[in-house]
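Asks: Below is the structure I would like to discuss, written out as structure tokens.
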Amino acid sequence: MRLVFFNTNSNHFDPKIVHIKTMPSWNEEWSRVAKNFSNHEFFLAAMLPAMFLLDYENEAIQKAANVNCVELRGASAEEIAEEILALNPDVAVAASFWITPYDWLGLQDAMIAEILRERGVRTVAHSAQTQAICFDKFKTHIFLRENNFKCAAAVHVNYDLFWAERKKSEVRQNVYREFIFREISKLNFPVIIKATTGVSSYGMEVVHTLSAVRAYLNSKKFNSDRLIEEFLEGIQFGTEIHTVKNSDGSFSPKVFPPLMYSVNQYGITSPKQSVKLGPLNLEKFKTQDLSRELERLAKILQFEGIAQIDLVFHKNEWHIIEINPRLSGSSAAIALIKQKSLPQILAEFALGIYDARATDDTMKISKNFCDENCEEISKEKFPAQISSENSRTEFPLYLNIKFPHLSEEQMRALFALPFVKYLCQTKNDAARQFREMGFCEILFGGVFSPQELLAQLEEIKTRFPEVIEISFYETAKKMIASLI
């Protein structure tokens with residue numbers, strides 16, 4: 001079969017300014033998968049930066065062995081769909097990523113998938129309706145409330161109505177604004193103010209009083225619709241749901257144990273500053289309850305593919321913060337938990353043999369992949385069942401931490417450590433602020449005890465004292481210590 005994996009980008013992108021480097025490279029990962037599934041043709045069709053699919057150097061796309069690489073150039077969903085149809089695909093899999101200021105690439109890829117399905121191509125992609133619900137945070141809030149999922153109480157502020165008198169001179173008293181402030185006063189403070197269509201935590205603000213909310217809504221910061229949401233205290237987490245659509249039209253979701261996320265000084269998880277630890281399948285976090293609720297979520301939204309969920313464990317119960325039907329910054333870690341690579345997981349989606357449809361051939365392929373590319377896994381290191389004694393966990397632990405920019409030599413030296421599994425460095429030459437310039441994200445671990453993971457962290461600090469950022473190190477150390 002001809003398998004096409006695609007993603008798009010709605011933003012202007014200059015590959016001479018923004019540089020992304022991963023170890024192992026996507027070329028290496030996709031070449032290995034294509035070799036293991038050698039009876040199928042692989043096509044990677046994407047727009048730069050082509051996250052999770054292609055490597056590039058300036059404007060040149062680097063070609064992976066055994067894989068056909070295509071740079072998409074269309075603008076509309078119809079134009080891009082025609083480019084993909086020209087590849088004569090049997091199956092097309094959306095590998096959507098995120099971008100600022102609007103997290104809508106999954107919506108674009110969903111529209112493309114709809115066109116492909118209409119033209120007889122089997123697709124693995126969330127529906128456009130699902131993407132639209134999750135793209136707009138107000139629609140997400142309504143969906144969660146209507147379907148009895150726990151989430152924060154919130155008030156939606158319509159920008160045009162809030163300033164109705166500016167456009168309607170006959171308006172003497174803005175009744176809507178008075179109503180909004182009465183509703184906000186009923187919330188428990190502090191609150192988080194967020195754009196309804198923003199990406200992740202970008203632009204969010206934590207506000208502690210009603211007067212501070214008034215000041216915000218009267219400032220230039222308020223320039224579009226906002227969601228004002230109760231701030232839920234508790235440990236923040238994220239996880240992924242991998243869902244296949246069965247031949248009878250039913251959905252089989254697989255919920256992964258959550259990763260713990262660090263928060264910034266405002267109590268918000270920042271994608272540029274967070275440390276991630278997990279997976280954590282601990283009884284105190286009621287992860288079985290979480291799994292049941294997220295399976296229910298996946299079936300109602302009819303997920304097909306990979307979706308990421310942001311969560312908070314508040315007052316001994318799980319609450320959903322955000323739903324992102326796309327790949328995420330946790331996707332590499334989730335793949336490692338499965339002892340696979342992300343390209344292998346996407347290939348299995350394409351072939352309809354992921355998890356619920358696993359066959360003996362699939363298991364053989366997976367084993368060969370791990371034998372060739374992973375550290376040999378012994379029964380001592382990965383026993384069938386792990387005792388709860390000595391703080392050992394049910395699943396192998398990984399830590400995702402960020403470094404400042406590294407040289408290629410430093411990246412190679414770090415990646416040479418046997419427990420370092422993945423590096424991804426983003427560099428923006430045009431950025432002026434330190435955090436906007438990018439960072440190097442490092443994923444390491446694969447051990448069952450927090451003590452062993454802490455020892456790996458200490459080894460990295462000892463070997464790379466000149467580049468490790470102490471604030472990230474201290475945060476990671478505290479997170480690991482919380483499990484001991």
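Asks: It is to be established whether one or more residues within the range 331-338 are polar (S, T, N, Q), modelled with pLDDT under 95 and open to solvent by less than 10 Å² (accessible area, probe 1.4 Å). Let's see the steps before the verdict.
Replies: Of all residues in the range 331-338, those polar (S, T, N, Q) come to 331.
Subset that is modelled with pLDDT under 95: 331.
Still in the running and open to solvent by less than 10 Å² (accessible area, probe 1.4 Å): 331.
Scanning the range 331-338 turns up at least one residue that is polar (S, T, N, Q), modelled with pLDDT under 95 and open to solvent by less than 10 Å² (accessible area, probe 1.4 Å).
Asks: Another one. For the range 97-114, how many residues meet the condition of being of a type in the set (Val, Ile, Thr) and surrounded by fewer than 20 Cβ atoms within 10 Å (Cβ to Cβ)? Please lay out each step first, then the result.
Replies: Narrowing the range 97-114 to residues of a type in the set (Val, Ile, Thr): 99-100, 112.
If we keep only those that are surrounded by fewer than 20 Cβ atoms within 10 Å (Cβ to Cβ) too, we end up with 99-100.
Final tally of qualifying residues: 2.
Asks: A further question follows. Just name the residue that is farthest from Lys272 (Cα to Cα) out of those in the range 422-474 that are in contact with a strand residue (DSSP E or B) (Cβ under 9 Å, 6 or more places away or on another chain) and of a type in the set (Ser, Thr, Tyr).
Replies: Ranking the candidates gives Ser449 first.
Asks: For the range 198-243, how many residues meet the condition of being open to solvent by less than 40 Å² (accessible area, probe 1.4 Å), among the aliphatic types (A, V, I, L, M) and touching a residue at least 24 places away in the same chain (Cβ under 8 Å)?
Replies: Selection size over the range 198-243: 9.
Asks: For a quick check of your reading of the model, give me the residue pairs whose first member lies in the range 121-136 and is free of Cβ contacts under 8 Å to residues at least 24 places away in the same chain, whose second is outside any loop (DSSP other than H, G, I, E, B) and of a type in the set (A, V, I, L, M, F, W, C), with beta-carbon atoms closer than 6 Å and at least 6 apart or on different chains.
Replies: Ala128/Ala110; Ala128/Met111
Asks: Right, another one. Considering (1) farther than 25 Å from Trp26 by Cα; (2) touching a residue at least 40 places away in the same chain (Cβ under 8 Å), say which one Glu118 fails and leave the rest.
Replies: (2)
Asks: Within the range 55-73, take every residue that is within 14 Å of Ser25 (Cα to Cα) and exposed (fewer than 12 other Cβ atoms within 10 Å of the Cβ) and give me the one that is nearest to the chain's Cα centre (by Cα).
Replies: Per the stated criteria, the residue is Glu57.
Asks: Which strands (runs of 3 or more DSSP E) does the range 385-484 wholly contain that include 1 or more residues that are more than 27 Å from His19 (Cα to Cα) and touching a residue at least 12 places away in the same chain (Cβ under 8 Å)? Steps first, please.
Replies: Working: elements: 397-403, 420-428, 438-447.
In the range 385-484, 397-403, 438-447 are the strands (runs of 3 or more DSSP E) which contain 1 or more residues that are more than 27 Å from His19 (Cα to Cα) and touching a residue at least 12 places away in the same chain (Cβ under 8 Å).
Asks: Next question. Report, by residue number, each residue of the range 313-329 that is more than 18 Å from the chain's Cα centre (by Cα) and either of a type in the set (S, T, N, Q) or assigned to a strand (DSSP E or B) (or both). Talk me through it step by step, then tell me what you get.
Replies: If we filter the range 313-329 for residues that are more than 18 Å from the chain's Cα centre (by Cα), which is where we start, we get 313-318.
The answer is Phe313, His314, Asn316, Glu317, Trp318.
Asks: Kindly provide the set of residues from the range 4-14 that are in contact with a Leu (Cβ under 8 Å, 6 or more places away or on another chain) and open to solvent by 10 Å² or more (accessible area, probe 1.4 Å), ordered by number. Walk me through it before giving the result.
Replies: Quick first cut of the range 4-14, residues in contact with a Leu (Cβ under 8 Å, 6 or more places away or on another chain) only: 4-10, 13.
Within the range 4-14, Asn9, Ser10, Phe13 qualify.
Asks: Something else: Restricting to the range 247-270, name every residue that is buried (at least 16 other Cβ atoms within 10 Å of the Cβ), of a type outside the set (S, T, N, Q) and within 21 Å of Tyr473 (Cβ to Cβ). Can you show your working first?
Replies: If we filter the range 247-270 for residues that are buried (at least 16 other Cβ atoms within 10 Å of the Cβ), which is where we start, we get 251-263, 268-270.
Applying the additional criterion that residues be of a type outside the set (S, T, N, Q) yields 251, 253-261, 263, 268.
Within the range 247-270, Leu259, Met260, Tyr261, Val263, Ile268 meet the criteria.
Quick grid of which residues meet (1) in contact with a Lys or Arg (Cβ under 7 Å, 6 or more places away or on another chain); (2) surrounded by fewer than 20 Cβ atoms within 10 Å (Cβ to Cβ); (3) touching a residue at least 24 places away in the same chain (Cβ under 8 Å):
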position	(1), (2), (3)
Arg2	no, yes, yes
Asn39	no, yes, no
Leu44	no, no, yes
Leu53	no, no, yes
Ala75	no, yes, no
Ala95	no, no, yes
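Asks: Right, next: Please give the number of the condition Lys150 fails out of (1) farther than 17 Å from Phe231 by Cβ; (2) open to solvent by 20 Å² or more (accessible area, probe 1.4 Å); (3) assigned to a loop (DSSP other than H, G, I, E, B).
Replies: Lys150 satisfies every listed condition except (1).
Asks: What tally of residues in the range 162-195 results from selecting those that are at pLDDT 95 or above and of a type in the set (Ser, Thr, Tyr)?
Replies: 2
Asks: Right, next: Just wondering, is there one or more residues in the range 264-283 that are on the phi < 0 side of the Ramachandran plot, touching a Cys at 6+ places or on another chain (Cβ under 6 Å) and either β-branched (Val, Ile, Thr) or assigned to a loop (DSSP other than H, G, I, E, B) (or both)? Step through it out loud before you land on a result.
Replies: If we filter the range 264-283 for residues that are on the phi < 0 side of the Ramachandran plot, which is where we start, we get 264-266, 268-277, 279-283.
Still in the running and touching a Cys at 6+ places or on another chain (Cβ under 6 Å): none.
No, the conditions are met nowhere in the range 264-283.
Asks: Let me ask you something else. Looking at Ile193 and the list (1) open to solvent by 50 Å² or more (accessible area, probe 1.4 Å); (2) among the β-branched types (Val, Ile, Thr); (3) within 21 Å of Tyr102 (Cα to Cα), which single condition is not satisfied?
Replies: Status for Ile193: all satisfied but (1).
The values are calculated or read from the model by the stated rules, or taken from the named source; none is laboratory data. The shown structure was predicted, so the numbers you read here are calculated from the model rather than taken from an experiment. For neighbour counting, all protein chains shown are included, and Cβ atoms are generated from backbone atoms with ideal geometry for every residue, glycine included. Accessible surface areas use protein heavy atoms only, side chains included; no ligands, DNA or RNA. Shrake-Rupley method; radii C 1.70, N 1.55, O 1.52, S 1.80 Å.
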